[in-house]
Amino acid sequence: MRIDEIEIRMVRLPYRSPFRTSFGADVEKHATIVTVRSEGVEGYGEGVFDPMPMYREETIAGAHHLLRHALAPELLASGCNHPSELTGRWAQWRGNPMAKTALELAVWDCFARQQGVPLRHLLGGDRTEIEVGASLGMNPVPETVASVGWHVEQGYRRVKLKIEPGWDLEVLTAVRAEHPSIELTVDANSAYTLDMADRLLALDSFGLHYIEQPLHWDDMLEHARLAEMLATPLCLDETLTSPARVRDALDLRACAVVNIKVGRVGGLQSVREIHDLCVARGVPMWCGGMLETGIGRAHNIHLATMPGFVYPGDTASASRTYARDIVEQRLEAVDGVMPVPDGPGIGVTLDRGFIGEVTESIETIR
């Protein structure tokens, strides 16, 4: 596979409404769209790094520097026989899984389009639709209860609430009073510490499917200690940055559920390795989201067709997040089920007119 050129495009999209978590409130998406062109075929990837290191340590400035001066030149010089080889080749540059993923995803998409097959076929996924859940930010209790009700009416198979100390028991009590039997989870985004264990133990009374990343974003040992105390299973997110980290977390029993975000773990080849590990150990997986545009969302939909993804993920309807997306196809769930886009690759194409309007910068490397 000869790579002819690589385009790095920065876009800015406003959210329909602010998305509030323990990190703060976000009002817009800064997304890097990477395009790989090979012998007349284009493939697309998306970078999920932020302007500042709020979720993990990567940033837009650092990722673009690595893409521009290391990853893109190496790929242009060497090409690739199969996208699965890139993870090993790029190991010479330590860390930076999100930067590597942005380019690797574009190569996978381009390769699948050249083969004339949907991306899911290359990943071993055979489903044509996936069950999805909704992730709700932190809003006033009455607004949250109403939002949960709307999503339940829309058929979403799981509702996830963002929580933090002081914003947990009250909102969960109100939601459970209205919806005693829905599949409900919470995500703390590392907002608690182990000395708050009593407060976390109180969450056991709400019948949660799992509690996501309550403690430090890079911790395993304290999560393992907390898991022994809780009746509710723990799920890790920010902590799991590679197949090796997932293996360590499972060995330590720091989690019983694995959240996969392709950018966080270093690309689709890493997802394949984690998937096989979790399937072998009987550990349930689900696909998380980073409020991606239609490019990243389409990739997430395809990887969630793999058999190990057994819980509803965060790939809900794009219209929940954006008034207008940058792809021509509408990625919308119906009764809590998201169809997998048809066609080769990820099955979506750029809305050329609109993406031009929201582009802040564009660079082509040949």
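The values are calculated or read from the model by the stated rules, or taken from the named source; none is laboratory data. Because the structure is a prediction, the values reported are computed rather than measured. Here Cβ is always computed from backbone atoms with ideal geometry, including for glycine, and neighbour counts include all displayed protein chains.
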Subject >> Filter result for Pro140 (within 30 Å of Asp335 (Cβ to Cβ), at pLDDT below 95 and surrounded by fewer than 16 Cβ atoms within 10 Å (Cβ to Cβ)) >> reply: yes
**OP:** Sort out which residues of the range 238-266 are assigned to a loop (DSSP other than H, G, I, E, B) and buried (at least 22 other Cβ atoms within 10 Å of the Cβ), and write them in order of number.
**Re:** Thr239, Leu240, Ala254, Cys255, Lys261, Gly266
Subject >> Lone unmet requirement of (1) closer than 28 Å to Thr239 by Cβ; (2) part of a strand (DSSP E or B) for Val36 >> reply: (1)
Original post:
In this structure, does Pro73 turn out to be more than 19 Å from Glu273 (Cα to Cα), in contact (Cβ under 8 Å) with a residue 12 or more places away in the chain and part of a helix (DSSP H, G or I)?
Top reply: yes
**OP:** Could you tell me which residue of the range 143-169 is surrounded by the fewest Cβ atoms within 10 Å (Cβ to Cβ), considering only residues that are basic (Lys, Arg) and either in contact with a Lys or Arg (Cβ under 9 Å, 6 or more places away or on another chain) or not in a strand (DSSP E or B) (or both)?
**Re:** Arg157
Subject >> Leading residue by the ranking (surrounded by the most Cβ atoms within 10 Å (Cβ to Cβ)) among those in the range 18-66 that are among the β-branched types (Val, Ile, Thr) and free of Cβ contacts under 8 Å to residues at least 40 places away in the same chain >> reply: Thr59
Subject >> Considering residues of the range 29-55 that are among the hydrophobic types (A, V, I, L, M, F, W, C) and at pLDDT 95 or above only, the residue nearest to the chain's Cα centre (by Cα) >> reply: Val48
Subject >> Selected residue (only one of Glu57, Glu74, Glu104, Glu131 is within 29 Å of Glu183 (Cβ to Cβ), out of contact with any Cys (no Cβ under 8 Å at 6 or more places or on another chain) and of a type in the set (Asp, Glu)) >> reply: Glu131
Original post:
Do the conditions hold for Thr101, that is, is it closer than 24 Å to Arg320 by Cβ, crowded, with 21+ Cβ neighbours inside 10 Å and either among the hydroxyl-bearing types (Ser, Thr, Tyr) or in the same structural domain as Arg56 (by TED's automatic domain parsing) (or both)?
Top reply: yes
Subject >> Considering residues of the range 143-179 that are under 23 Å from the mean Cα position of the chain (by Cα) and among the basic types (Lys, Arg) only, the residue modelled with the lowest pLDDT >> reply: Arg157
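Yes/no matrix, rows are residues, columns are (1) at pLDDT 95 or above; (2) in the same structural domain as Thr321 (by TED's automatic domain parsing); (3) within 19 Å of the chain's Cα centre (by Cα):
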site: Val27; (1), (2), (3): no, no, yes
site: Glu58; (1), (2), (3): yes, no, yes
site: Ala61; (1), (2), (3): yes, no, no
site: His65; (1), (2), (3): yes, no, no
site: Ala70; (1), (2), (3): yes, no, no
site: His82; (1), (2), (3): yes, no, no
site: Leu86; (1), (2), (3): yes, no, no
site: Arg89; (1), (2), (3): yes, no, no
Original post:
Can you name every residue in the range 122-131 that is at pLDDT 95 or above and either of a type in the set (D, E, K, R) or surrounded by 15 or more Cβ atoms within 10 Å (Cβ to Cβ) (or both)?
Top reply: Leu122, Leu123, Gly125, Arg127, Glu129, Ile130, Glu131
